[in-house]
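Step one of this worksheet: look at the structure below.
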Amino acid sequence: MTRRAKGPPKWLEAAKKRTPGSAGDSWLSRSLSRAGVLPLQRAEDAIREGRVAVDGRVVTEAFTPVNASSRVSLDGQLVSLAFTSRVLAFHKPAGLVTHGSDPEGIGTVFDGLARVLPEGLQRFGWHAVGRLDRDTTGLLLFTNDERFVAHATSPTTHLPKRYVAKVGADVTEWMLKTLRAGVDLEDGRTREASAQARGEREVELTLTEGRYHQVKRMLQAVGLATLSLHREAIGEVTCEVALGEYRELSAEEIAGQLYFTPRS
Ligand code: URA
């Protein structure tokens with residue numbers, strides 16, 4: 001008889017590879033966090049501690065597969081895994097990093113968001129939609145729906161992101177033309193963009209892709225040092241909330257201004 005090599009069970013490997021967001025099927029910790037039962041880390045802890053049951057059996061593996069018909073309970077209480085797509089518009093202050101891990105203790109956007117969220121919204125697992133540099137301010141979206149992350153960050157969606165940069169020299173027509181046409185960076189030529197001067201030393205740039213440090217590298221390529229950078233808009237959603245605050249977008253805004261069909 002052939003023995004299977006020791007290692008993770010096949011279903012666990014399959015669950016880890018499953019495409020995020022496929023209708024009902026998912027794994028337990030993720031389903032609990034996107035439905036707003038417990039954020040991901042707390043969901044994983046609760047599962048490990050034996051506080052979660054699926055169809056009447058206690059499970060201790062966060063990647064246990066679940067679907068729309070699974071009966072899930074936490075601490076003996078039935079919970080619903082049904083979820084709707086939620087999107088938060090957060091005004092990121094300078095100084096916060098967009099990573100989940102923060103070994104240097106600088107402070108993350110997740111900490112910043114948690115400080116202003118009411119209890120009900122703290123129970124969701126929030127994903128930052130793309131990244132902003134530590135010193136960049138402005139609009140950062142968060143969502144509980146991985147499909148929205150994929151939509152908003154994929155270059156194939158062409159979702160426009162509008163930035164304004166204060167720069168270290170006067171902005172010339174040649175610079176603007178070059179930025180519009182596309183500049184050659186180490187990772188390839190940038191797409192056509194919209195660029196205009198707002199003042200002698202301020203540039204507005206609208207991109208439909210989002211590469212690492214893209215705005216700063218594009219400005220550098222035309223001889224402009226970035227002194228400060230702010231993201232004003234994503235799609236047609238503008239950064240209207242006060243610094244460090246958030247607001248939740250309606251399903252109509254998600255569909256009409258971010259061109260995504262939310263799960264309702
Ligand atoms: N481009 C950058 O260079 N930095 C950001 O934070 C966002 C876009």
Checking Thr19, Thr84 in turn, the sole residue that is modelled with pLDDT under 95 and among the hydroxyl-bearing types (Ser, Thr, Tyr) turns out to be Thr19
Neighbours by Cβ (under 7 Å, 6+ apart or cross-chain): first from the stretch 53-81, on the phi > 0 side of the Ramachandran plot; second among the small types (Gly, Ala, Ser) = Asp55/Ser70
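Quick grid of which residues meet (1) in the same structural domain as Leu229 (by TED's automatic domain parsing); (2) among the acidic types (Asp, Glu):
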position: Ile106; (1), (2): no, no
position: Gly130; (1), (2): no, no
position: Asp135; (1), (2): no, yes
position: Leu141; (1), (2): no, no
position: Glu146; (1), (2): no, yes
position: Ala181; (1), (2): yes, no
position: Arg211; (1), (2): yes, no
position: Val215; (1), (2): yes, no
Residue list for the stretch 37-57, restricted to those being more than 20 Å from Gln122 (Cβ to Cβ) and more than 27 Å from the chain's Cα centre (by Cα) | Gly50, Ala53, Val54, Asp55, Gly56, Arg57
Are any of the residues in the stretch 210-222 in a helix (DSSP H, G or I), of a type in the set (S, T, N, Q), within 16 Å of the ligand (Cβ to nearest atom) and touching a strand residue (DSSP E or B) at 6+ places or on another chain (Cβ under 8 Å)?
-> yes
Would you be able to say whether some residue in the stretch 190-200 is part of a strand (DSSP E or B) and within 16 Å of the ligand (Cβ to nearest atom)?
-> yes
Output yes when any residue across the stretch 119-127 is within 15 Å of the ligand (Cβ to nearest atom) and either under 30 Å from Asp45 (Cα atoms) or surrounded by fewer than 22 Cβ atoms within 10 Å (Cβ to Cβ) (or both), and no when none is.
-> no
If we keep only residues of the stretch 224-242 that are within 16 Å of the ligand (Cβ to nearest atom) and in a loop (DSSP other than H, G, I, E, B), then the residue surrounded by the fewest Cβ atoms within 10 Å (Cβ to Cβ) is Ala225
Within the stretch 135-186, the count of residues that are free of Cβ contacts under 8 Å to residues at least 24 places away in the same chain, outside any helix (DSSP H, G or I) and among the basic types (Lys, Arg) comes to 0
Inspect the stretch 168-176 for any residue being among the aliphatic types (A, V, I, L, M) and within 12 Å of the ligand (Cβ to nearest atom) and give the result as yes or no.
-> no
Output the number of the condition that Gly210 fails; it satisfies all remaining conditions of (1) under 27 Å from the mean Cα position of the chain (by Cα); (2) at pLDDT 95 or above.
-> (2)
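The values are calculated or read from the model by the stated rules, or taken from the named source; none is laboratory data. A quick note: this is a predicted structure, and the numbers were derived from the prediction, not measured. Note that each Cβ is placed from the backbone with ideal geometry, even for glycine, and that neighbours are counted across all protein chains shown.
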